Amino acid sequence: MTSRSAVDRAALVSRLRSAGCVYAEDEAELLLTAAQSPAALADLTDRRVAGEPLEYLLGWAEFRGLRIAVDPGVFVPRARTALLVELAAEVTGAAPAVVDLCCGSGATTVALAHRLAPRWLAAADIDPAAVACARRNVVGLNVEVYEGDLFAPLPRQWRGRLDLVLANAPYVPTDAVALMPPEARLHEAPVALDGGPDGLSVLRRVGVEAADWLAPGGHLVVEAGTTQIDALCDAFRAAGLIPTVHHDEDLDATALTAHHP
């Protein structure tokens, strides 16, 4: 941690606030703690002011009270995704078999490991950088992380036997990616953001394939935008699943749980 005077601290807060950092005071404390020297602090501050995500500068993000390592380019865990973990706990019984698709850094995977005590837990992502990051985060948790497209890399013996599939799949419409905050669109992998023309291209596939991988009575839990819910419910019903909509005002999060009858 770099020792700084109150004047220097105030100047750092002011510079961060001028750059548009809403939580400038909190970010200043984190940068001061992370920097090992005045030169390092200056470098971190310059990069933050230029728009680089704070999580990449620190090397970690907080998710549900857990410190999750996050490498540059890997999707940064969002607070709203905590709703998926809560819903998973509500719909899943004891010692479930669980798969976390589009796992990114593995933040939800780690949270599920602690919350559910699953008998089998695996994660998958199509992005090699995300897979490498997730593998670091699940060390010691008896979790396998696979590289590949959705269910494709998973062991075949779990087909039709999963109790829970959680997927924080990309759901931003392609044309809307350019409208996202620079921190996301300029620094995070496009494959983690772009959900196709209406944002539901990946989620529709998740629903269709989950119907084959879930055991009878199993559940699929996904996140989506509020304007996409009706179309996604229709897609899940067409796949043979029974969807229920959930919204959390505090997290500003919308999610679906879908039951496999």
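Observations
- Scanning segment 163-178 for residues that are more than 21 Å from PRO72 (Cα to Cα) and open to solvent by 50 Å² or more (accessible area, probe 1.4 Å) returns THR174, ASP175.
- Test: residue in segment 42-58 that is of a type in the set (Val, Ile, Thr), assigned to a loop (DSSP other than H, G, I, E, B) and more than 22 Å from ASP248 (Cα to Cα): no
- Residue ID - farthest from VAL139 (Cα to Cα), chosen from residues in segment 45-56 that are surrounded by 20 or more Cβ atoms within 10 Å (Cβ to Cβ) and more than 14 Å from the chain's Cα centre (by Cα): THR45
- Failed item in (1) outside any helix (DSSP H, G or I); (2) over 18 Å from the mean Cα position of the chain (by Cα); (3) surrounded by fewer than 17 Cβ atoms within 10 Å (Cβ to Cβ), with CYS21 passing the rest: (3)
- In segment 57-80, the qualifying residues are those that are of a type outside the set (A, V, I, L, M) and out of contact with any helix residue (DSSP H, G or I) (no Cβ under 6 Å at 6 or more places or on another chain), and the one that is least open to solvent (accessible area, probe 1.4 Å) is GLY59.
- Beta carbons closer than 8 Å, at least 6 apart along the sequence or on distinct chains, pair a first residue in segment 243-261 that is in contact (Cβ under 8 Å) with a residue 24 or more places away in the chain and crowded, with 16+ Cβ neighbours inside 10 Å with a second that is of a type in the set (Ser, Thr, Tyr) and part of a strand (DSSP E or B) for HIS246/THR254; HIS246/THR257; LEU256/THR244; THR257/THR244; ALA258/THR244; HIS259/THR244.
- Screening the candidates ALA113, ALA88, ALA95 for the property of being open to solvent by 30 Å² or more (accessible area, probe 1.4 Å) and not aromatic (Phe, Trp, Tyr) yields one hit, ALA95.
The values are calculated or read from the model by the stated rules, or taken from the named source; none is laboratory data. Since we're looking at a predicted model, the values are computed, not measured. Because the Cβ atoms are built from the backbone with ideal geometry, glycine has one as well, and the counts that use them run over all protein chains shown. Each accessible area value is taken on the protein alone, full model and side chains, heavy atoms only, with ligands, DNA and RNA left out. Shrake-Rupley method; radii C 1.70, N 1.55, O 1.52, S 1.80 Å.
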